[in-house]
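Quick notes on the structure that follows.
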Amino acid sequence: MSEAYERERQNNARLDELSAKVSALRGVTIDIYDNARAHDVIDSTSDTFSSMTTQLKGSASRLGRMAASGNKVAILKLSGILIGSFLVLYYILRLFF
């Protein structure tokens with residue numbers, strides 16, 4: 001009887017060890033998945049910023065051509081945009097700091 005009890009105890013001990021290893025493997029798998037997901041977010045953010053940079057460069061070049069044409073209304077519009085942008089940034093920064 002005590003031999004059967006001893007084997008049952010050993011089996012339970014090994015089962016607990018196996019359960020701990022499976023839990024550790026599950027944790028590593030979840031960490032790998034989270035890390036891969038974070039890299040996807042970083043890549044999409046990088047793509048978004050690079051396209052935004054291209055759009056800003058295009059807008060800046062169009063504004064430069066508009067100002068270079070010498071049209072007074074265009075120059076007033078450009079001045080209004082610059083002053084408005086400055087004021088918006090000022091008030092946003094003022095809210096946070």
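The values are calculated or read from the model by the stated rules, or taken from the named source; none is laboratory data. Please read all numbers here as calculations on a predicted model, not as lab measurements. Backbone-built Cβ (ideal geometry, glycine too); neighbour counts: all protein chains shown.
R9 falls short on exactly one of the conditions (1) basic (K, R); (2) more than 23 Å from I81 (Cα to Cα); (3) within 33 Å of the chain's Cα centre (by Cα), and that condition is (3). Kindly evaluate R62 against the criterion of being basic (K, R), modelled with pLDDT of 80 or more, more than 17 Å from the chain's Cα centre (by Cα) and exposed (fewer than 10 other Cβ atoms within 10 Å of the Cβ). For R62, the condition - basic (K, R), modelled with pLDDT of 80 or more, more than 17 Å from the chain's Cα centre (by Cα) and exposed (fewer than 10 other Cβ atoms within 10 Å of the Cβ) - is not met. Kindly check whether there is at least one residue in region 2-19 that is loosely packed, with under 10 Cβ neighbours inside 10 Å and not in a helix (DSSP H, G or I). No.
The residues on offer are V22, V41, and the sole one that is at pLDDT 90 or above and of a type in the set (A, V, I, L, M, F, W, C) is V22. Residues in region 70-97 that are surrounded by 10 or more Cβ atoms within 10 Å (Cβ to Cβ) and among the small types (G, A, S): A74, S79, G80, G84, S85.
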